[in-house]
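Encoded as structure tokens, the structure appears first; notes follow it.
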Amino acid sequence: MSGIKRSFTLKTRPPDTDPAPGTAGSPSGETLLTVRGLTVRFGGVTALEDVSLQVRSGEICALIGPNGAGKTTAFNSVSRLVQPVAGAIAFDGADLLRARAGDLAALGIARTFQNLALWPGLTVIENVMVGAHSLGRTGFLGAPFGWGVRSEHRELTERAYAALAVLAIQDVAFQPCQGLPFGTLRRVELARALVTRPRLLMLDEPAAGLTQGDVRDLGTLLRALRDELGLSLLLVEHHMQLVMDIADYVVVLDSGRNLLSGRPDEIRDDPRLVEAYLGSPR
Amino acid sequence: MPLRIERGSRRHRLLRLALAGGAAVLLLGLPHLLGTVSQVDTLSQIAAYSVAILGLIILMGYCGQISLAHSAFIGLGGYTTVILVADHDWPYLATIPVSIVICLAVGALIGIPALRIRGLYLAAVTLAVAALFPALVIRFEELTGGTSGKFAREAMQAPEWFFVNPYTRVGPSIVRFYVIAAVAVLVFLVARSILRSRIGRSMVALREAPLSAAASGVQVARVKIFAFAISGAFGGVAGSLLAIQLPQASDTRYTLDLSIFLLVALVAGGSGTMLGAIPGAIIFVTLRTFVSDWAAALPGFQGSDGGQIVGIISCLLLLAIVFLMPTGVAGGLQKAGRRLVQFTDPVPAGWRRFQLSASSQPTPSADAGGSQTASSPQPENSGAPTKG
Ligand SMILES: Nc1ncnc2c1ncn2[C@@H]1O[C@H](COP(=O)(O)OP(=O)(O)OP(=O)(O)O)[C@@H](O)[C@H]1O
Ligand SMILES: [Mg+2]
């Protein structure tokens, strides 16, 4: 643990501020991410309508809902890959809607993608090194002349290797991604997100396509990230057992709207949840 | 059983030293082995065009952008050098930085549309630039000499102390070859440095999955513009080098088909690695000079420039390469080389500095001491590791 404290620093970390005003319903813990009144349209399709959610510091918040509910769209809005038409997104007091996608890593937010979005032309460790891009300093002026490229390369390699070690896949570090089993690729993506030591980790269906054993490992890992590294997680997941096992708070979306939210034990047996997933009994 | 060499080890460093030494000996010795001025000039052209193709490798091979505008950059570089030498008495070498600055700026400008458009549309925009360049040359006749072209009276001269005697028959062209090759080597070193930096990796990332690249903190727009600017600058340097080899510029020297032949050379040479620029340039110059001469001498083609034949042969070559050697000559050589020598990567020595502990994950004993080697192609390790 001592090693973590020493190196667990981000290059840019905005000063801690009070949670954004008007974020009611947080029984405990400081609010890290606040999404309020989010509305997203794709042409005529309204993917999200007035969606609100929040992630408290050091907690795992699960975002669930049937296919097409808008979970990924909510992720993409936070990641600044999708521009909402209305709403507010605040991360640790900073207005995320004014940030660009490329700024988020430096702010302390990292994510994975529902459909693996790795770069097959790079080796495993290079994938993770690109994840650590925001920790590097080589600029457009320095790169052609090689200023600092060597030492930066060494440091990013070490950081990436350490992230791979967390996921126990350092054996494949120097292999190309192509040909690796799916479960390993999921871990590579997780390592790529972890390498910047984010404060908020957003995972879009990390258990999809994993074997039962891998899902158990994933649950253990996510808990460890929360409990030992103090990470906050926003988790989109269809694997209900995993969600109920590890989430501190669950937000349910249905057809682009908030359906209900609460602790896992509060919502587990809610008839509205069952109805959303299985359709109305009529 | 291939020989395994660990990167960064003594053997690896010795091997690299030997390769660098061999390349130097080859570059220095080759022109002396050749007998005629035109052969040495061919060598100079190969060196110059390898710089141009290197620019395309960065832009298209690594960053995944399409550009047909490369002929315009070679032309910009060529005219810059010839005009500064002919009209302003600049020394040849001093014109290269000017070409670089001009082509960086124009390259960045051409990169701007690439932020919005891709694929065929981008090809069309850059094609328009290539088509426009000869027209602009004629439009600005006072500067460029228009259709009659522009010439520098004196070719590049070697300084007194230079180690090649310029008063022999091939002397002057050998001097020019050394200068061109030296600049080309510098450009290759620059490219290597770019491609090894985080910017080089982010080029590959944005080519393969731009959204996740952006989510990782890559400033996608800036990297694209940078790739266009650098590629343009390499084109400009190539143009200047070609003007050193033959100090003249004309509108017919920098037309769209130069861009297209360079693309053929790029694919044939291999765009996946920097070194593909060398076989690419050899193929390019061979097609443009030898095959063109041969075609012009064919019965029934006397008097024509052989252009069509070269076009047909290029097409056939392209087809053959795409089917037989999809990664180009360089890719094929690399693959063959891996049968002989495989490079393995050492565990990065100081990784524990950055260790994140999640105690539920047992630290695998495999890397205890950090001396173990994680080797690149090692199928027995590719299974999902099991954890206790
Ligand atoms: N780029 C897009 N263009 C048009 N419509 C889109 C786009 N992205 C998402 N949508 C639509 O928005 C809605 C929400 O999609 P989203 O991907 O966010 O759902 P999801 O909850 O992640 O579903 P899943 O569980 O299947 O991943 C869907 O109706 C989808 O068709
Ligand atoms: Mg989704």
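The values are calculated or read from the model by the stated rules, or taken from the named source; none is laboratory data. Keep in mind the model is a prediction, meaning the values are calculated, not measured. Positions of Cβ are generated from backbone atoms using ideal geometry, with glycine treated the same way; all protein chains shown enter the neighbour counts. These accessible areas exclude ligands, DNA and RNA; they are computed on the full protein's heavy atoms, side chains included. Shrake-Rupley method; radii C 1.70, N 1.55, O 1.52, S 1.80 Å.
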| said: For the stretch B:226-245, check the following and say yes or no: at least one residue is touching a strand residue (DSSP E or B) at 6+ places or on another chain (Cβ under 9 Å), within 14 Å of another protein chain (Cβ to nearest Cβ) and aliphatic (A, V, I, L, M). | reply: no
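Being open to solvent by 20 Å² or more (accessible area, probe 1.4 Å), facing another protein chain (nearest Cβ under 8 Å) and hydrophobic (A, V, I, L, M, F, W, C): is that true of residue B:220 here?
yes
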| query | Any residue at all in the stretch A:203-212 that is within 16 Å of ligand 1 (Cβ to nearest atom), within 14 Å of chain B (Cβ to nearest Cβ) and in a strand (DSSP E or B)? | reply | yes
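Residue check: is residue B:363 modelled with pLDDT under 85 and of a type in the set (S, T, N, Q)?
So residue B:363 passes the test.
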| message | Among the residues in the stretch A:85-104, are any surrounded by 18 or more Cβ atoms within 10 Å (Cβ to Cβ), under 23 Å from residue A:187 (Cβ atoms) and assigned by TED's automatic domain parsing to the domain that holds residue A:34? | response | yes
| message | Checking the structure you have, find out if any residue of the stretch A:174-192 is among the acidic types (Asp, Glu) and open to solvent by 10 Å² or more (accessible area, probe 1.4 Å). | response | no
| task | From the list A:128, A:85, pick out the single residue that is among the hydrophobic types (A, V, I, L, M, F, W, C) and within 16 Å of ligand 1 (Cβ to nearest atom). | result | A:85
| Where residue A:65 falls short, out of the listed (1) open to solvent by 10 Å² or more (accessible area, probe 1.4 Å); (2) within 14 Å of ligand 2 (Cβ to nearest atom); (3) in contact (Cβ under 8 Å) with a residue 60 or more places away in the chain; (4) in contact with a Phe, Trp or Tyr (Cβ under 9 Å, 6 or more places away or on another chain) | (1)
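Could you please let me know if residue B:326 is closer than 30 Å to residue B:61 by Cβ, modelled with pLDDT of 80 or more and open to solvent by 30 Å² or more (accessible area, probe 1.4 Å)?
Taking the combined requirement at face value, the residue satisfies it.
Residue by residue, here is whether (1) over 21 Å from the mean Cα position of the chain (by Cα); (2) more than 7 Å from every other protein chain (Cβ to nearest Cβ); (3) modelled with pLDDT under 90 holds:
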{"residue": "A:134", "(1), (2), (3)": "no, no, yes"}
{"residue": "A:137", "(1), (2), (3)": "yes, yes, yes"}
{"residue": "A:140", "(1), (2), (3)": "yes, no, no"}
{"residue": "A:144", "(1), (2), (3)": "yes, no, no"}
{"residue": "A:148", "(1), (2), (3)": "yes, yes, yes"}
{"residue": "A:160", "(1), (2), (3)": "no, yes, no"}
{"residue": "A:169", "(1), (2), (3)": "no, no, no"}
{"residue": "A:173", "(1), (2), (3)": "yes, no, no"}
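If only one of B:229, B:243 is modelled with pLDDT of 95 or more, closer than 18 Å to residue B:53 by Cβ and either in contact with a Gly (Cβ under 7 Å, 6 or more places away or on another chain) or open to solvent by 10 Å² or more (accessible area, probe 1.4 Å) (or both), which one is it?
B:229
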| request: Can you confirm whether the stretch B:59-82 contains a residue that is open to solvent by 60 Å² or more (accessible area, probe 1.4 Å) and over 30 Å from residue B:115 (Cα atoms)? | output: no
| said: Contact list please: Cβ distance under 9 Å, first residue in the stretch A:181-206 and more than 13 Å from residue A:118 (Cα to Cα) and touching a residue at least 60 places away in the same chain (Cβ under 8 Å), second residue of a type in the set (D, E, K, R) and part of a strand (DSSP E or B), pairs at least six apart or on different chains. | reply: A:198/A:111; A:200/A:111; A:201/A:111; A:202/A:111; A:203/A:111; A:204/A:111
| How about the stretch A:87-145: which of its residues are over 30 Å from residue A:40 (Cβ atoms) and among the acidic types (Asp, Glu)? | A:126
| Matching residues, the stretch A:40-62, being within 15 Å of ligand 1 (Cβ to nearest atom) and open to solvent by 10 Å² or more (accessible area, probe 1.4 Å) | A:41, A:42, A:43, A:44, A:45, A:46, A:47, A:49, A:50, A:53
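Name the single residue that is nearest to ligand 2 (Cβ to nearest atom) among those in the stretch A:35-44 being farther than 12 Å from residue A:82 by Cβ and assigned to a strand (DSSP E or B).
Let us first name the residues in the stretch A:35-44 that are farther than 12 Å from residue A:82 by Cβ, namely A:35-37, A:43-44.
Then keep just the ones that are assigned to a strand (DSSP E or B); that gives A:35-37.
Numbers: A:35: 16, A:36: 21, A:37: 21 Å.
By that ranking, first place goes to A:35.
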| In the stretch A:68-124, which residues are more than 8 Å from chain B (Cβ to nearest Cβ), within 16 Å of ligand 2 (Cβ to nearest atom) and in a loop (DSSP other than H, G, I, E, B)? | A:68, A:69, A:70, A:82, A:112, A:114, A:115, A:116
| query | Taking residue A:69 and the conditions (1) within 20 Å of the chain's Cα centre (by Cα); (2) at pLDDT below 85, which numbered condition does it fall short on, given that it satisfies the others? | reply | (2)
| Matching entry among B:300, B:307, B:388, B:383 (being exposed (fewer than 15 other Cβ atoms within 10 Å of the Cβ), more than 20 Å from residue A:178 (Cα to Cα) and at pLDDT below 55) | B:388
| request: Working only within the stretch B:8-47, note down all residues that are of a type in the set (S, T, N, Q) and under 25 Å from residue B:288 (Cβ atoms). | output: B:36, B:38, B:39, B:42, B:44, B:45
| Selection status of residue A:272, open to solvent by 60 Å² or more (accessible area, probe 1.4 Å), within 18 Å of the chain's Cα centre (by Cα) and of a type in the set (D, E, K, R) | no
| Meets criteria (closer than 22 Å to residue B:245 by Cα and in contact (Cβ under 8 Å) with a residue 24 or more places away in the chain) for residue B:158 | no
| remark: Given the conditions (1) within 16 Å of ligand 1 (Cβ to nearest atom); (2) within 14 Å of chain B (Cβ to nearest Cβ); (3) part of a loop (DSSP other than H, G, I, E, B), every one holds for residue A:197 apart from (1)
